[in-house]
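Okay, structure first, notes after.
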């Protein structure tokens, strides 16, 4: 990925974009005079809306982060010479008379938080304007409960995560303390949010363990949990592959890198975990393995091979979970990090590995695996 492509991908997926404007047509044959991209919220999901301005009309198209990044790259390499992007943290100008030598400059932000037109009456699980202790400690809210402008994207993403948790909540056991493990918790915005939702909003007894490799992060998170008297929340330093437990009702992995996601899924299935929420990251394992005569003409292009192996990796993971008796959905989840990787695997244990659907999924898994001549870590499941 070159510098221009990477910068456009960051702008479209970082959660801070206010508006991106493409101007300066490369040739008269370009039909539209200007294109702009901005975030909108539709049915609880943040999308990016492209607005095409013609001589006598304006049209719109709603896109995922990945689709918007691909469109932005196409627009700046084929149709327009200039991009002006406004974000919460900076203004970015891209001058690309020669796209391969694009000049990218930045300056301090000049715009404020946009109004998401489709979200005028949005009701969040955690409301803006109502003090929430963990969000105040993590610097997302001020003492009065007002969400800080520069962290509004985090606030939206935390609420989107809680909406997903709310959807799976009915599948969790209702007659005992819930045990939940969050692999690779990082600074733990979502781990704290999960505790807050289950313990404070739903009044459930919980034991939540956040696992991460960074000692300073673990110390930081345990201090906040202690200060807030979040007694059922604990953070431990450790590796996903080495972690042992007798059971877990819910397993969460957000951006566990490469095969770390596989080990988290393998652990979850071995514990007969009821709910799994996993956002994979850095699916590199199959890149050096994949081999297919039919697709070889396409696989010679590195960026296409990389994206194909991402989808193949997650597709195989989904089928393997289905073969273990899970009902699996792939949904879009905008992450808290500056990354285009935003597919969440949502898996709910609904059956056993010997039911017809699970057997069919295993057959499909093996056919797909053999077609591409790969041996993914999820095979150990």
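Just so you know, all these numbers are worked out from the coordinates, no wet-lab data involved. Remember, it's a predicted structure, so these values are computed and weren't measured experimentally. When we count neighbours, we look across all protein chains shown, and the Cβ atoms used for this are built from the backbone with ideal geometry, even at glycine.
Segment residue 288..residue 373, full-extension length gain: 29.5 nm, with 0.36 nm per residue of separation and the alpha-carbon distance subtracted. Matching the structure-derived Cα extents along the principal axes in Å against the labelled list [x] 62, 43, 30; [y] 65, 51, 39; [z] 66, 61, 37 gives the label [z].
Among 327, 322, 291, what is the fewest-to-most ranking by other Cβ atoms within 10 Å? If you can, show how the numbers build up before the last one.
Numbers: 327 14, 322 23, 291 11.
Lowest to highest Cβ neighbour count: 291, 327, 322.
Note on residue 202/residue 311: beta-carbon distance plugged into 1/(1 + (r/R0)^6) with R0 of 25 Å gives a FRET efficiency of 0.10.
A Förster distance of 30 Å, applied to the separation of the beta-carbon atoms of residue 28 and residue 303, puts the FRET efficiency at 0.45. Label-to-label distance, residue 246 versus residue 144, with points set 7 angstrom from Cα along the beta-carbon direction: 5.0 nm. Just to be sure I understand: with springs between alpha-carbon atoms less than 10 Å apart, which residue in 280, 99, 297 has the highest mean-square fluctuation in the Gaussian network model of the chain? The residue with the greatest mean-square fluctuation here is 297. Which one, 181, 224, 348, has the greatest fluctuation when you compute a Gaussian network model over the chain with C-alpha springs under 10 angstrom? Highest fluctuation among the options: 224.
Expressed in nm to one decimal, what extension gain is obtained for the pair residue 107 and residue 84 from 0.36 nm per residue of sequence separation less their Cα-Cα distance? Mind showing how you got there, number by number?
Details: separation 23, 0.36 × 23 = 8.28 nm, distance 1.14 nm.
Fully extending the segment from residue 107 to residue 84 adds 7.1 nm.
For region 113-271, the share of DSSP beta bridges that are antiparallel, to the nearest 5, is 5%.
For region 173-380, the antiparallel share of DSSP beta bridges with both residues in that region comes to about 35%. The protection proxy used here, the mean number of other Cβ atoms lying within 10 Å of each residue, ranks peptides 258-267, 305-314 as follows, highest first: 258-267, 305-314.
Counting only DSSP beta bridges with both residues in the chain, what percent are antiparallel, rounded to the nearest 5?
Working: 48 of 70 bridges.
Among the beta bridges of the chain, antiparallel pairing accounts for roughly 70 percent.
Among 317, 369, 103, the order by Cβ neighbours within 10 angstrom, fewest to most, reads 103, 369, 317. Per-residue Cβ neighbour counts within 10 Å put 250, 330, 298 in the sequence 298, 330, 250, beginning with the fewest.
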